[in-house]
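Okay, structure first, notes after.
The values are calculated or read from the model by the stated rules, or taken from the named source; none is laboratory data. Keep in mind it's a predicted model, so treat the numbers as computed, not measured. A quick note on method: Cβ atoms are made from the backbone with ideal geometry, for glycine too, and the neighbour counts reach across all protein chains shown.
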Amino acid sequence: MLRKYSSFCLSSFSFASLVSWERMYHYKWVISEGTLVTSFVTFEDNKNHILQPIGEFPIALQDKIIQYASSLHYPLTVYGVSDSFIKHFPAFISHFDQTEFRDMDNYIYSSEDLALLNGRDYHSKRNLINQFEKKYNWTSEPIAEANVSDCFEVLHNIYNAETIESDSYLAYELKVLEFVLQHFTELEQHGVLVRIDKEPVAFSIFEMLNETTCVIHFEKAMREFKGLYQLINREAAKFIFSKGYSYINREEDLGIEGLRKAKLSYHPISLCPAYALVFKS
């Protein structure tokens, strides 16, 4: 169902995302009247809210959700709402105040642009990659069950578990990433692994979001190798472009200044907005 109705571009609406982040957000879902409704618990208020319903979303189900929202002692929020949802269900939307979360907008790129890095916009990226390629003896390969363990080796070389706060976002992210690696095939993930002198140093993990778009969920590289992040970014894009996908979704920046700057430096062709609907009490 997720892929059937995944013409919009938000990365959180993939089976792998919902399953792997369940331990953090406590996702629960039900399919009712041809519609997937997903609830979760937010960090901000530790209360149940829902993601945008996916599917037919008939009036009877809309009324049930509105009745449920009316029964709560706090304002129910619908997260991850797309432009098309707002356009198609105005009666339902009228019961909510609409806001946009810039921190959750998804970055959409041309896979060809990121694979080829042509033009002045990517001059600095090409320079860093050229420096890397001249300095190191490197190789790139697809990730499969046989080399998933090498991704764990990269993580162990990057992070010291003793220095990561147990309740930090990074700690949760690493647990999610480990889950994805452990269930790589079952979750239908793909990826690229980079080695220097046969030793694993970087990887990227991604999956099909819809017929035209792949979403990159994770990208990790050892920072002591200058240009490695730019290289793994390009190698993932080359793989995705070679498989016929036109677009790459690199997810959101979470309001992190450095991450936003890095994502903008690759010149997205669009930002896919993620709206939130807050129930009017």
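Of the numbered conditions (1) under 19 Å from HIS88 (Cβ atoms); (2) touching a Ser or Thr at 6+ places or on another chain (Cβ under 9 Å), ALA60 fails exactly one; give the number of that condition.
(2)
Anything in the stretch 225-280 that is among the hydroxyl-bearing types (Ser, Thr, Tyr) and either closer than 23 Å to PHE13 by Cβ or assigned by TED's automatic domain parsing to the domain that holds VAL154 (or both)? List them, or say none.
TYR229, SER242, TYR245, SER246, TYR247, TYR266, SER270, TYR275
Residue under question is PHE225, and the condition is that it be hydrophobic (A, V, I, L, M, F, W, C), closer than 30 Å to SER94 by Cβ, surrounded by fewer than 20 Cβ atoms within 10 Å (Cβ to Cβ) and out of contact with any His (no Cβ under 6 Å at 6 or more places or on another chain); does it hold?
no
Condition check: buried (at least 17 other Cβ atoms within 10 Å of the Cβ) and not in a loop (DSSP other than H, G, I, E, B). Does TYR122 satisfy that?
Judged against the criteria, TYR122 is a match.
Could you please let me know if LYS263 is charged (D, E, K, R), more than 16 Å from ASN147 (Cβ to Cβ) and at pLDDT 95 or above?
Criteria met by LYS263.
Of the residues in the stretch 63-96, how many are surrounded by fewer than 18 Cβ atoms within 10 Å (Cβ to Cβ) and either in a helix (DSSP H, G or I) or on the phi > 0 side of the Ramachandran plot (or both)?
The total comes to 14.
Taking into account only those residues within the stretch 237-281 that are outside any helix (DSSP H, G or I) and of a type in the set (Asp, Glu), which is nearest to the chain's Cα centre (by Cα)?
The residue in question is GLU251.
Which of the residues that make up the stretch 43-52 are exposed (fewer than 13 other Cβ atoms within 10 Å of the Cβ) and in contact (Cβ under 8 Å) with a residue 24 or more places away in the chain?
ASP45, the sole residue that qualifies.
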